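What follows is one structure encoded as structure tokens, with my remarks underneath.
The values are calculated or read from the model by the stated rules, or taken from the named source; none is laboratory data. Not measured: the values here are computed from a predicted model. For neighbour counting, all protein chains shown are included, and Cβ atoms are generated from backbone atoms with ideal geometry for every residue, glycine included.
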């Protein structure tokens, strides 16, 4: 049986147009975006983060680069509109929409992220350090920073607890921004939270 990491690799390689991912949370979603980016690099596939449905990109540029659109939405209406587009694309959404669309489209269940992290780190990154794998399982959004450090110096590798704290703080700020937008569009509060996020980003080596 093909595991989910292999499913993503096959999707990147073949002509399948749509992939649905139940991201579960922002940090788990970051892990799957990292997996997509690694495989896309190998296939000369350019990733474009799309904020608007009417954003247009060329399928093939002058250098022969193919494109992959990535969307994030929990709106069934928007998902339906996105699926109607011809370009190759990935849609990150919630579990409700995942269940709705997974029978008809290739899909990845984010609730299996721990198994996927283990598979990806061992089989694709050739990392078999149990402490590092467990740490990334607990902090999926740190996979880029921690695996990069490990690959650079696996003998002297030390887990960065400070980075974990800063990253968790950024995720909490983002959650609060979402809640403010959902309950009451208070521009002053949102602007204040965005400034807080920018301040903490300067303290972190993790690129979101």
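Quick look at the numbers
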quantity: Spans of helices (runs of 4 or more DSSP H) in the stretch 117-193 with at least 3 residues within 20 Å of residue 31 (Cα to Cα), modelled with pLDDT under 90 and within 17 Å of the chain's Cα centre (by Cα); calculated: 143-152, 161-183
quantity: Failed criterion for residue 66 (all others in (1) under 19 Å from residue 8 (Cβ atoms); (2) surrounded by 12 or more Cβ atoms within 10 Å (Cβ to Cβ); (3) modelled with pLDDT of 90 or more; (4) more than 18 Å from the chain's Cα centre (by Cα) hold); calculated: (3)
quantity: Which numbered condition residue 85 misses (of (1) assigned to a loop (DSSP other than H, G, I, E, B); (2) closer than 12 Å to residue 32 by Cα); calculated: (2)
quantity: Sole residue being part of a helix (DSSP H, G or I), touching a strand residue (DSSP E or B) at 6+ places or on another chain (Cβ under 6 Å) and modelled with pLDDT of 70 or more, chosen from 98, 113, 92; calculated: 98
